[in-house]
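These notes concern the structure reproduced below.
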Amino acid sequence: MFINNRKSTFFNPLALIFLLISPLFLTLFLSNLFFLFKISLSGLTIFFSFIVSYFILLSLTKKNHLYEWLITGIIYLLSYFLSIFFYDLSADGQWYHLESIINLYKGWNPIYEISKTNVAQIYVQSYPKGYEIIAASIYSFTQKMESGKLINMIVLIASLVYVFQLLKQTKLSIFKKYVYTFLICVNPIVITEIFTYYLDGFMFSCLLILICSFISLLKNYNKIELAIFIFILSIFSSLKFTSILLIFIFVLFALTLLWKNHKLTFKYLFPFFISGLFIFPLTNINPYYTNIKNNFHIFHPAFGKEKVKNLLSSHVSEEFYGKNRIEKAFISYFSYTGSSKKTINFKIPFSIKLSEIKVLNEVSITYGGFGPFFGGIIILTILLFIISLFIPIKAPPVLYYLMLGIMMSIVSFPDIWFARMVPQLYLCTILILLIMEYKSIKNIYLKFWTHLTSLIICINTFLFIIISLVLNFYLSLNIHYQISQLKKLEKNSPIPIDYFFKSNLTRLEENHIAYRVTQIPYSENNKNLHFFGAKGKNTTRFIAELNEKDKTKLLRYLDNQYNKIFNYYQTYKKIK
């Protein structure tokens with residue numbers, strides 16, 4: 001192993017990770033227990049779980065962790081304010097994810113009741129909803145629909161702390177430890193989904209915590225990390241149907257490491273038994289048991305007689321979707337970043353176009369979803385890995401086991417071409433660089449190659465951060481302005497609105513704004529036509545005469561810049 005645990009007398013990072021994760025697990029567990037006894041979801045569950053987590057930690061360690069608990073409270077509070085400022089403007093986030101959360105918030109019991117929603121009913125009813133249950137409890141407690149997104153930030157911070165704790169025990173320089181922590185945890189999928197109800201980024205952060213907690217347990221078996229491992233394993237298994245496949249691969253990876261280290265004993269297998277035999281059956285009554293009870297396939301609607309067509313196929317050409325998974329992956333990651341109906345849209349590695357930068361805030365990027373430089377990064381890291389095989393210097397075996405496990409998890413997916421379905425693919429490139437940190441220690445040229453590749457990955461990642469955060473900040477700031485104006489205007493008459501996502505109406509109801517649903521034709525010339533988000537035919541729109549003078553200076557400046565860029569891009573497209 002390449003880690004050694006060091007205990008801090010003043011601040012215990014493991015205690016912080018426990019306090020970040022424990023309220024999420026307890027909320028999931030208790031909410032499902034209440035559902036079983038026909039008790040609706042409550043906002044007090046998350047509050048109670050936050051308090052109880054401290055006392056559970058106290059009983060595990062027999063030490064006072066008030067300092068870590070206060071830091072946890074601050075992190076939750078900051079995450080809350082960020083989540084209610086940034087609106088979820090994504091497609092699936094506003095569609096069936098939010099619809100599930102709203103239904104749970106309104107008292108729907110997914111174990112005994114059929115959802116009465118007329119929005120994506122099949123997904124709301126039959127998909128795993130561990131994420132949505134936790135988010136709905138937070139929504140119920142805060143009475144803010146957007147607040148549930150804070151759990152994305154919570155697991156991201158927990159993963160950052162955990163990964164850094166492991167890297168801290170390596171021989172890397174302190175600067176490299178921070179860089180690799182950042183690169184491992186903050187990948188493009190996590191960035192673009194951080195302020196949405198999409199859960200691929202959340203799932204990736206949970207996977208990192210799962211891996212870190214197991215490696216730490218293997219080195220130093222203790223109660224805190226055992227609890228973290230059980231909690232995160234239980235959360236992870238309740239997120240998606242694909243969670244089951246990933247858990248199966250992870251168990252194979254774990255058993256291999258246990259056997260290799262002569263630790264295939266009951267105390268190491270205990271958390272798998274607890275999670276698999278007791279917690280999983282309770283936290284996953286819906287959808288697995290309820291699907292069978294309703295005479296569907298256990299993985300309905302992904303499988304079975306009433307299988308729903310894969311929605312990803314609508315984003316690409318039939319010719320592309322008919323290719324095998326390896327061909328599709330090759331075409332996707334070596335093509336221009338963005339959406340296209342072209343079957344082949346190859347680019348020169350490391351080249352970049354304006355159209356690629358424009359889409360870096362989007363959650364579901366069809367081609368090249370890991371960014372404009374990822375095709376070139378794949379080439380560089382594959383070459384480095386091949387070279388590493390001929391260098392006699394040893395790297396920690398755990399890195400190779402991780403590589404093998406992650407590659408197994410990737411190739412087991414049918415849609416590995418679609419970046420957000422396999423966020424762990426980005427991690428593979430960083431693991432190769434970590435291997436080369438050991439292998440290139442005596443070769444200045446390999447060191448330079450490794451550092452150059454790290455720099456390119458950093459630039460690729462920062463492009464996502466800058467574009468995604470700036471654009472989402474502007475759009476969210478504009479929606480806050482719109483809502484403040486609508487609160488004034490609706491006193492005269494209800495606001496005419498044409499919604500694309502029904503959850504947008506809940507947004508108005510939450511702010512006590514009266515509205516009337518009507519058809520409003522899309523137009524770019526009507527000054528009184530406004531959009532909840534970026535301009536587009538599939539964006540919720542409304543008609544109102546807003547007072548431009550009430551805009552802040554910052555919003556006016558961002559408005560001007562956004563319109564300039566929008567007009568410039570439209571001109572650019574026409575020229576092309």
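The values are calculated or read from the model by the stated rules, or taken from the named source; none is laboratory data. Please read these numbers as outputs of a predicted model, since none were measured by experiment. Reconstructed Cβ throughout: ideal geometry from the backbone, glycine too, with neighbour counts over all protein chains shown. We work out accessible area using only protein heavy atoms, side chains counted, and drop any ligands, DNA or RNA first. Shrake-Rupley method; radii C 1.70, N 1.55, O 1.52, S 1.80 Å.
May I ask you to list, by number, the DSSP H helices of the chain whose Cα span along the axis is at least 30 Å and whose average Kyte-Doolittle hydropathy reaches -0.5 or more? Intermediate values should be presented prior to the final figure.
Details: long enough: 13-36 (35 Å, 2.24); 444-489 (66 Å, 1.10); 553-575 (33 Å, -1.09).
Passing helices, by number: 13-36, 444-489.
With only alpha-carbon pairs counted, each pair once and no self-pairs, how large is the Kirkwood hydrodynamic radius of the stretch 417-478 in angstroms?
When all Cα pairs of the stretch 417-478 are included, the Kirkwood radius is 13.8 Å.
Report the accessible area of F11, computed with a 1.4 Å probe over the heavy atoms of all protein chains in place, in Å² rounded to the nearest 10.
60
Using 7 Å Cα-to-Cβ label points, what is the E327/L44 separation (nm, one decimal)?
My value for the distance between the label points is 6.0 nm.
Could I get the Rg over Rh figure for the stretch 427-530? Both from C-alpha atoms, Rh via Kirkwood, rounded to two places.
Rounded to two decimals, Rg over Rh is 1.35.
Would you mind getting the accessible area per residue of the stretch 313-465, heavy atoms of the protein chains only, 1.4 Å probe, in Å²?
Dividing the accessible area of the stretch 313-465 by its residue count gives 43 Å².
With every protein chain kept in place and ligands, DNA and RNA left out, what is the accessible area per residue of the stretch 161-222? Probe 1.4 Å, answer in Å².
Accessible surface, normalised per residue, equals 26 Å².
Assuming R0 = 35 Å, can you tell me the calculated FRET efficiency for the pair L58 and K106, based on Cβ-Cβ distance, to the nearest 0.05?
The computed FRET efficiency comes out at 0.45.
Whole number in Å², please: accessible area per residue of the stretch 471-572, 1.4 Å probe, ligands, DNA and RNA not counted. Display every interim value, and only then the final one.
Details: 5910 Å² over 102 residues.
The answer is 58 Å² per residue.
Contour minus end-to-end for I114 and R516, with contour as 0.36 nm per residue of separation and end-to-end as the Cα-Cα distance?
Extending this stretch completely gives an extra 141.9 nm.
Across the Cα atoms of the stretch 471-572, what radius of gyration and what greatest pairwise Cα-Cα distance (Dmax) are found, in Å?
Reported Rg and Dmax, both Å: 13.6, 43.
So which of K106/K502; K62/K176; K168/K442; K38/K309; K328/K535 end up more than 25 Å apart, counting from Cα to Cα? Intermediate results must be reported in sequence, preceding the final value.
On the way: K106/K502 15 Å; K62/K176 35 Å; K168/K442 22 Å; K38/K309 33 Å; K328/K535 31 Å.
Over 25 Å apart, Cα to Cα: K62/K176; K38/K309; K328/K535.
Restricting the count to DSSP beta bridges whose residues both fall in the chain, what percent are antiparallel, rounded to a multiple of 5?
70
Quick one: Debye curve from the alpha-carbon atoms of the stretch 13-294 only, equal weights, vacuum; give me log10 I(q)/I(0) at q = 0.15, 0.16 Å⁻¹ to two decimals.
Normalising to I(0) and taking log10 leaves -1.17, -1.33.
Quick check: with the 1.4 Å probe, what order do Y515, Y80, Y180 take by accessible area, largest first? Numbers along the way, then the final one.
Numbers: Y515 65, Y80 45, Y180 5 Å².
Accessible-area ranking of Y515, Y80, Y180, largest first: Y515, Y80, Y180.
Ratio to report: Rg/Rh of the stretch 151-234, with Cα atoms as the point set and Rh obtained by the Kirkwood method; give two decimals.
0.99
How many angstrom lie between the Cα centre of the stretch 404-472 and the Cα centre of the stretch 246-287?
So the two Cα centres are separated by 28 Å.
If you take the beta carbon distance between N443 and L399 as r and set R0 to 22 Å, what does 1/(1 + (r/R0)^6) give as a FRET efficiency, to the nearest 0.05?
Computed FRET efficiency for N443 and L399: 0.75.
What is the ratio of the Cα radius of gyration of the chain to 2.2 N^0.38 Å, where N is its residue count, to two decimals? The partial results should precede the final answer.
Numbers: Rg = 24.2 Å, N = 576, 2.2 N^0.38 = 24.6 Å.
Ratio of Cα Rg to 2.2 N^0.38 Å: 0.98.
I need to check one value: relative contact order of the chain, counting alpha carbon pairs closer than 8 Å and at least 6 residues apart, in percent.
Working: 810 pairs, mean separation 82.1, N = 576.
Relative CO of the chain lands at 14 percent.
For S313 and N538, what is the calculated FRET efficiency with R₀ set at 22 Å and r taken between the beta-carbons, to the nearest 0.05?
0.75
Sequence gap at least 6, Cα distance under 8 Å: using those rules, report the relative contact order of the stretch 208-363 to the nearest whole percent.
Relative contact order of the stretch 208-363: 12 percent.
Pop a pseudo-label 7 angstrom from the Cα along the beta-carbon direction at both I459 and F473 and give the gap in nm to one decimal.
So the two model labels end up 2.3 nm from each other.
Write down Rg/Rh for the stretch 490-541, rounded to two decimals, with Rg from the C-alpha atoms and Rh from the Kirkwood relation over Cα pairs.
Result for the stretch 490-541 is an Rg/Rh of 0.95.
Give me the one-decimal nm value for the distance between modelled label points at N220 and F303, 7 Å along each residue's Cα-to-Cβ direction.
Label-label distance for N220 and F303, simple model: 4.2 nm.
Enumerate the whole-percent occupancy of each 10 Å bin, from 0 to the last occupied one, for all C-alpha pair distances of the stretch 7-77.
Going from the shortest bin to the longest, the percentages are 20, 48, 23, 8, 1.
Over the chain, what percent of the accessible surface lies on carbon and sulfur atoms, probe 1.4 Å?
Whole-percent figure for carbon plus sulfur exposure: 66.
At 222 nm, what helix-only mean residue ellipticity would the chain give, in deg cm²/dmol to the nearest 500, using -39500 (n - 2.57) for each DSSP H run of four or more?
When only DSSP H runs of four or more count, the value is -19000 deg cm²/dmol.
List the trypsin sites (Lys or Arg not before Pro) in the stretch 298-358 that DSSP assigns to loop (not H, G, I, E or B) and whose Cβ has at most 10 other Cβ atoms within 10 Å. Which are they?
In loop regions of the stretch 298-358 (DSSP not H, G, I, E or B), the sparsely surrounded trypsin sites (Lys or Arg not before Pro) are K305, K309.
Charges at C-beta only: +1 for Lys and Arg, -1 for Asp and Glu. How large is the resulting dipole of the stretch 313-465 about its Cα centre, in Debye rounded to 20?
Values: 13 positive and 7 negative charges, 54 e Å.
Result for the stretch 313-465 is approximately 260 debye, rounded to the nearest 20.
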